[in-house]
Structure formats: C-alpha cells, structure tokens
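First up is the structure itself, then whatever we jot down about it.
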Amino acid sequence: MQIIREVAALRRAVAALRDAGGPVALVPTMGALHAGHMALVAEALRHAPSVVASIFVNPMQFGAGEDLATYPRREAEDAAMLEEAGCALLWAPGGEAMYPAGFATTVSVAGVSEGLCGAARPGHFNGVATVVAKLLNQVRPDVALFGEKDYQQLAVIRRMVADLDLAVEIIGVPTVREADGLALSSRNLYLSAGEREAARALPAALAEAAAAIAAGGAVGRALGTATAHLAAAGFDPIDYVELRDAETLAPVDRLARPARLLAAARMGRTRLIDNVPVVPPAGAG
Ligand code: PAF
C-alpha cells in the first residue's frame with residue numbers, strides 16, 4: 001500500500017490505479033481505526049477494485065475547547081490495518097497540503113446541518129463539508145463510503161454532493177457495535193472502565209424508545225423515557241434525543257415515514273453519539 005502526502009503525487013497514483021483496475025472507492029477517516037472503519041473498507045472493496053483510505057484529523061471540524069489536541073493519532077497501526085484489509089493507497093496529507101497558506105473557502109450546507117450536532121457543535125459541519133469536498137476533489141473517487149453512526153454527517157455529505165453535482169456515489173454503511181450495543185467510535189478510547197460500562201445505556205435507551213415508537217407509542221413520551229434513562233446512567237449533559245425524518249432530518253412527532261432516532265450525550269469528558277432507524281409498521285401512515 002502506497003502512503004502519499006502531496007496532492008500532485010496523489011493525482012498520479014489514483015490515475016495509475018484507475019488505468020490498472022477501473023473504479024476507485026474512497027474511505028475518508030480521521031484515523032484511530034477500528035472495526036467500524038474496516039467495515040467501510042470491506043464494503044468499499046465490494047464496489048471498486050481499488051480502495052483509497054484517507055487519514056486527516058481535520059482541525060476545521062473541531063470547535064474551541066474540543067479534543068483536537070488529544071484526538072488519538074496512530075498512523076503506523078492504522079496503515080498496517082488498511083494494508084491488511086486490502087487498501088491500495090493511504091492518502092495522509094499534512095495540514096499544509098490540506099489547508100495551504102491563504103486558504104479561505106468554507107463549504108456550508110444549510111438545513112440538514114442545523115440542529116442536533118449542528119446546534120451543539122457550531123461550525124462543525126462547515127468543517128466536515130469543506131474537508132470532504134476537498135477529499136472528494138483530491139481523490140475523485142467513483143464511490144465514497146461513510147458510517148451511519150455519524151448520521152447527520154452522512155445527510156450533510158449527501159446534500160452537498162447532490163447540490164454541487166459532484167460525480168460520486170455516496171454509500172452509507174450500518175454502524176458496527178460492541179457486544180453490548182455500544183457503537184464503535186475512536187472516542188470510546190477516552191472512556192474509563194466505569195464510564196464504558198455505563199455507556200451501554202445509550203444504545204439500550206435508543207433501542208427501547210425506537211421499539212416503543214415503532215409499536216405506536218407516543219413519540220414525546222418515548223423520547224422523555226430515553227432521556228431519563230440516559231440521565232440515570234450518568235450522561236450529563238444530554239445534548240439531544242430526537243426523532244427526525246430519515247432523509248430530510250426534519251423533526252418528526254408522529255411516525256408515518258422511515259425515521260431516525262438520534263442522541264448525543266456526554267459521559268465524563270467523552271461526547272458520544274448514536275442513532276437507530278425507526279420504521280412505521282406496514283400499512284401505517
Ligand atoms: O467521520 C469522520 O471521520 C470525519 O468527520 C470525516 C468524514 C473523515 C471528515 O473529516
């Protein structure tokens with residue numbers, strides 16, 4: 001697996017991959033890879049013979065006081081995992097290659113960026129949209145894969161790609177979970193043993209609320225119960241527990257179309273997010 005850090009070399013290497021083997025897939029990451037990322041690579045290989053992974057801890061998507069400085073960085077281990085998984089190329093630009101002196105452009109996606117994590121982390125999705133637009137333009141893949149765990153991020157990227165007529169297919173890949181349901185995340189590394197044990201309440205509360213809503217229970221009541229379970233488990237603050245339309249992310253107070261139940265809450269110093277689908281029973285609506 002080649003490791004490339006400059007845009008011109010990247011362009012040459014991707015052109016060579018394309019000449020040799022057809023379509024190219026991109027798996028964008030911030031590193032500290034886990035089985036969730038590896039599921040993205042495995043799915044990418046089902047869509048394209050050549051998979052490019054990127055690792056870039058993007059300063060533009062971290063707010064003041066967030067974990068940019070402490071975000072886990074372990075490129076050598078990540079590179080070994082990607083090579084083992086069958087990636088052809090690792091795109092690992094430095095800060096200067098991504099944001100050269102004079103960089104002055106921001107990509108901002110209205111609507112789906114607002115509320116949820118957009119409210120709790122102002123500017124976050126501008127940073128995500130800007131770096132993903134750059135990554136897509138640098139690699140120019142045929143397909144790019146993102147985890148459903150960052151569901152709002154996926155919606156923002158889909159909107160941006162549609163709005164800017166970017167010639168890439170965006171594929172969402174289901175969340176990979178630990179045995180007790182906790183969604184895999186690079187930030188789980190921050191949890192102490194006690195916090196890790198308590199964190200299982202997040203997927204449990206979402207699963208219970210999703211089942212209640214899908215069975216016809218009142219949305220407000222299910223969200224209130226889930227919020228109470230999270231508080232009892234020690235999550236503080238709870239940024240949101242909300243039911244949104246699965247496609248537009250518009251708020252939903254009565255289940256009539258596929259929806260998504262999303263939550264974000266802090267366990268100690270670690271902010272965790274998760275979401276699950278909520279589908280109306282056949283014939284409902
Ligand atoms: O999901 C992530 O790891 C990041 O937000 C992404 C998409 C790589 C952009 O920095």
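Observations
- Taking strands (runs of 3 or more DSSP E) as the structural unit, no element lying wholly within region 24-126 holds at least 2 residues that are at pLDDT below 95 and β-branched (V, I, T).
- Look at (1) on the phi > 0 side of the Ramachandran plot; (2) without any contact (Cβ under 8 Å) to a residue 24 or more places away in the chain; (3) not charged (D, E, K, R) and you find that G181 fails only one, number (2).
- Flag if G181 is more than 13 Å from the ligand (Cβ to nearest atom) and either closer than 25 Å to R244 by Cα or modelled with pLDDT under 95 (or both): yes
- With respect to the stated conditions, L166 is outside any helix (DSSP H, G or I) and free of Cβ contacts under 8 Å to residues at least 40 places away in the same chain.
- Total residues in region 195-220 satisfying the condition of being open to solvent by 50 Å² or more (accessible area, probe 1.4 Å) and of a type in the set (G, A, S): the figure is 7.
- Restricting attention to region 17-51, the residues being among the aliphatic types (A, V, I, L, M), more than 16 Å from the chain's Cα centre (by Cα) and open to solvent by 20 Å² or more (accessible area, probe 1.4 Å) number 4.
- A residue that is open to solvent by less than 20 Å² (accessible area, probe 1.4 Å), in contact with a strand residue (DSSP E or B) (Cβ under 9 Å, 6 or more places away or on another chain) and more than 16 Å from the ligand (Cβ to nearest atom) occurs nowhere in region 52-60.
- Residue in region 173-183 that is farthest from A204 (Cα to Cα), counting only those that are open to solvent by 20 Å² or more (accessible area, probe 1.4 Å) and not charged (D, E, K, R): P174
- Scanning region 224-283 for residues that are among the aliphatic types (A, V, I, L, M) and on the phi > 0 side of the Ramachandran plot yields a single hit, L249.
- Screening V14 against (1) crowded, with 22+ Cβ neighbours inside 10 Å; (2) over 26 Å from V107 (Cα atoms); (3) of a type in the set (V, I, T) leaves a single unmet condition, (2).
- Enumeration of residues in region 11-38 that are of a type in the set (K, R) and without any contact (Cβ under 8 Å) to a residue 40 or more places away in the chain: R12, R18
- Residue within region 67-76 that is of a type outside the set (F, W, Y) and buried (at least 18 other Cβ atoms within 10 Å of the Cβ) present: no
- The residue of region 115-128 that is farthest from the ligand (Cβ to nearest atom), among those that are in contact with a Gly (Cβ under 8 Å, 6 or more places away or on another chain) and at negative phi, is P122.
- Looking across V131, V112, V139, V156, one residue alone is open to solvent by less than 20 Å² (accessible area, probe 1.4 Å) and away from the ligand (no atom under 13 Å from the Cβ). It is V112.
The values are calculated or read from the model by the stated rules, or taken from the named source; none is laboratory data. Bear in mind that the values here come from a model prediction, so they are computed numbers and not experimental data. Because the Cβ atoms are built from the backbone with ideal geometry, glycine has one as well, and the counts that use them run over all protein chains shown. SASA here: full protein model, heavy atoms, side chains in, ligands and nucleic acids out. Shrake-Rupley method; radii C 1.70, N 1.55, O 1.52, S 1.80 Å.
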